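The values are calculated or read from the model by the stated rules, or taken from the named source; none is laboratory data. None of these values were measured; they are calculated from a predicted model. Because the Cβ atoms are built from the backbone with ideal geometry, glycine has one as well, and the counts that use them run over all protein chains shown.
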Amino acid sequence: MFTILGILAFAALLFLISFFIRLGKPVNAALSDSYYHHGWKRKIIYSPMGNWFELGYHETEADPSTFQVLSKEFGKDNRFIFWKGRQQQVDHATFEIDANGTPKDASQVYYHFTYQNSLLIIEGADPKTYRPHIFNPETYYQRWGLDDYAVFLEGKKLDVDRQTFNQLNSTLAIDSSHVYIITHNSAASTSAQVLKTMPNPGGTATAINNYHARIGNTILVSNWKNNFASHTFKAIDSIRVLDERNIVVNDILLSDGKIIADVDLSTFEVVNREYLKDKRNVYYDTELILSADPQSFTPVLEDYAKDNQYVYYKTKILEGADPKTFAFNYATGIGSDSKLFFKDGELVNDNKK
């Protein structure tokens, strides 16, 4: 029995040793921290940053005797090109990683900022002239490209005028004929899209901030609350930025692209992410809260607020809630005055928790 147990223990020990020494030396540590020789097999391993336990481990089909690293994620042997350790359908003879870090061959440019196992062809891109491009102001989460004939965003060719296209900020762009929004759609094959919105009104185009721009006497807005809005004035004498979502043009307040009329700008205040007020009125998401008292109005948390008489969920009064004791529990998402309990503005329990 002891002999059998000893053999099993020795086998288990060998397994653990082989398991933990799967990564040998890097193939080329100067170019990549992700390609390794196997510790004891004749294999090339792809493991991001060598952190196989958390980030993954893949035994490639590469020939160890001819394999060479091209960049952090790319390599090749005498037959195939590899990206993240996977064989790719590219032209082996002409494939390269150019000086800008762009993968391409004689006939195609490839998009490699993807979680898929295969490179994506950038349709319509010219391998001879394609290069990444950074617009001013720089947006770190948008990957733009140019060749001599077209503009590209996240591996997709755009239907815009190559010669006059310009990004104004992270959400707005123009060319000589149109205004475009740059919008994000997680359901799409790429997370950013450029969509045509209106004819270019003409005039000098400048960014106001990350979500507002001006073209002549027209103000453009695009953000997560309002996909697109434009307002044209007879003249623009002044622009004052209150924050990313609120600006004053002449003496008119634009909040998320909506004009809020009759605001007293001398007492206007951005209370928090959604609530605004002046000495006369309180607004939630640009909508007037008819009964709110501006002097005593204060946010609670999230979409809850209160004044000296009422508790509010967005613009709705929570009937019976006591503003003196009302509080919001972030962990449970419940607002309560200890007698009444509300979830998303709806009464969920009366007189008991």
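So which of Thr102, Thr139 ends up being surrounded by 16 or more Cβ atoms within 10 Å (Cβ to Cβ) and either at pLDDT below 95 or of a type in the set (D, E, K, R) (or both)?
Values: Thr102 fails: either at pLDDT below 95 or of a type in the set (D, E, K, R) (or both).
Only one candidate qualifies: Thr139.
So which of Thr232, Thr204, Thr183, Thr197 ends up being free of Cβ contacts under 8 Å to residues at least 24 places away in the same chain and within 29 Å of Val160 (Cα to Cα)?
Values: Thr232 fails: free of Cβ contacts under 8 Å to residues at least 24 places away in the same chain; Thr183 fails: free of Cβ contacts under 8 Å to residues at least 24 places away in the same chain; Thr197 fails: free of Cβ contacts under 8 Å to residues at least 24 places away in the same chain.
Just one listed residue meets the conditions, Thr204.
Taking the condition at pLDDT 95 or above, assigned by TED's automatic domain parsing to the domain that holds Lys279 and either crowded, with 19+ Cβ neighbours inside 10 Å or touching a strand residue (DSSP E or B) at 6+ places or on another chain (Cβ under 8 Å) (or both), does Asp350 pass? Full working, then the answer.
On the way: at pLDDT 95 or above: no; assigned by TED's automatic domain parsing to the domain that holds Lys279: yes; either crowded, with 19+ Cβ neighbours inside 10 Å or touching a strand residue (DSSP E or B) at 6+ places or on another chain (Cβ under 8 Å) (or both): yes.
No.
Going residue by residue through segment 43-56, is there one that turns out to be under 26 Å from Asp91 (Cβ atoms), outside any strand (DSSP E or B) and polar (S, T, N, Q)?
Checked segment 43-56: no residue is under 26 Å from Asp91 (Cβ atoms), outside any strand (DSSP E or B) and polar (S, T, N, Q).
I'd like the full set of residues that are among the charged types (D, E, K, R) and not in a strand (DSSP E or B), limited to segment 339-349. Walk me through it before giving the result.
Residues of segment 339-349 among the charged types (D, E, K, R): 339, 343-344, 346.
Matches in segment 339-349: Lys339, Asp344.
List pairs: first residue in segment 290-303 and free of Cβ contacts under 8 Å to residues at least 40 places away in the same chain and assigned by TED's automatic domain parsing to the domain that holds Pro323, second residue among the polar types (S, T, N, Q) and surrounded by fewer than 16 Cβ atoms within 10 Å (Cβ to Cβ) anywhere in the structure, Cβ distance under 7 angstrom, at least six positions apart or on different chains.
Qualifying pairs under 7 Å: Asp293/Asn308; Asp293/Gln309; Ser296/Asn308; Pro299/Asn272.
Given the condition within 30 Å of Thr171 (Cα to Cα), in contact with a Phe, Trp or Tyr (Cβ under 8 Å, 6 or more places away or on another chain) and free of Cβ contacts under 8 Å to residues at least 24 places away in the same chain, answer yes or no: does some residue in segment 258-270 qualify?
No, segment 258-270 contains no residue that is within 30 Å of Thr171 (Cα to Cα), in contact with a Phe, Trp or Tyr (Cβ under 8 Å, 6 or more places away or on another chain) and free of Cβ contacts under 8 Å to residues at least 24 places away in the same chain.
Each row is one residue, and each column tells you yes or no for (1) buried (at least 18 other Cβ atoms within 10 Å of the Cβ); (2) under 23 Å from the mean Cα position of the chain (by Cα); (3) not polar (S, T, N, Q).
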site: Ala93; (1), (2), (3): no, no, yes
site: Ser118; (1), (2), (3): no, yes, no
site: Ile121; (1), (2), (3): no, yes, yes
site: Ala125; (1), (2), (3): yes, no, yes
site: Lys128; (1), (2), (3): no, no, yes
site: Pro132; (1), (2), (3): no, yes, yes
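Take residues that are surrounded by 15 or more Cβ atoms within 10 Å (Cβ to Cβ) and tell me which of the strands (runs of 3 or more DSSP E) falling wholly in segment 296-338 contain 3 or more. If you could, list the steps in order and put the result at the bottom.
On the way: elements: 298-301, 304-306, 311-313, 327-329, 334-336.
Once the strands (runs of 3 or more DSSP E) in segment 296-338 are filtered for at least 3 residues that are surrounded by 15 or more Cβ atoms within 10 Å (Cβ to Cβ), what remains is 304-306, 311-313, 334-336.
Evaluate segment 260-282: report whether one residue or more is acidic (Asp, Glu), more than 28 Å from Arg240 (Cα to Cα) and loosely packed, with under 15 Cβ neighbours inside 10 Å. Steps first, please.
Start the filter on segment 260-282 by keeping residues that are acidic (Asp, Glu), which leaves 262, 264, 269, 274, 278.
Keeping just the survivors that are more than 28 Å from Arg240 (Cα to Cα) gives none.
No: zero hits.
Please give the strands (runs of 3 or more DSSP E) falling wholly within segment 172-285 in which 2 or more residues are not aromatic (Phe, Trp, Tyr). Steps first, please.
On the way: elements: 172-174, 178-184, 192-199, 205-207, 212-215, 218-221, 229-232, 239-241, 246-249, 252-255, 258-260, 275-277, 282-284.
By residue number, 172-174, 178-184, 192-199, 205-207, 212-215, 218-221, 229-232, 239-241, 246-249, 252-255, 258-260, 275-277.
Let me confirm something: among Val270, Val248, which residue is of a type in the set (A, V, I, L, M), in contact with a Lys or Arg (Cβ under 9 Å, 6 or more places away or on another chain) and within 24 Å of Thr206 (Cα to Cα)?
On the way: Val270 fails: within 24 Å of Thr206 (Cα to Cα).
Exactly one of Val270, Val248 is of a type in the set (A, V, I, L, M), in contact with a Lys or Arg (Cβ under 9 Å, 6 or more places away or on another chain) and within 24 Å of Thr206 (Cα to Cα), namely Val248.
Restrict the check to segment 60-78 and report whether at least one residue is part of a loop (DSSP other than H, G, I, E, B), under 14 Å from Val27 (Cα atoms), touching a residue at least 24 places away in the same chain (Cβ under 8 Å) and among the hydrophobic types (A, V, I, L, M, F, W, C).
So far as segment 60-78 goes, yes, one or more of its residues are part of a loop (DSSP other than H, G, I, E, B), under 14 Å from Val27 (Cα atoms), touching a residue at least 24 places away in the same chain (Cβ under 8 Å) and among the hydrophobic types (A, V, I, L, M, F, W, C).
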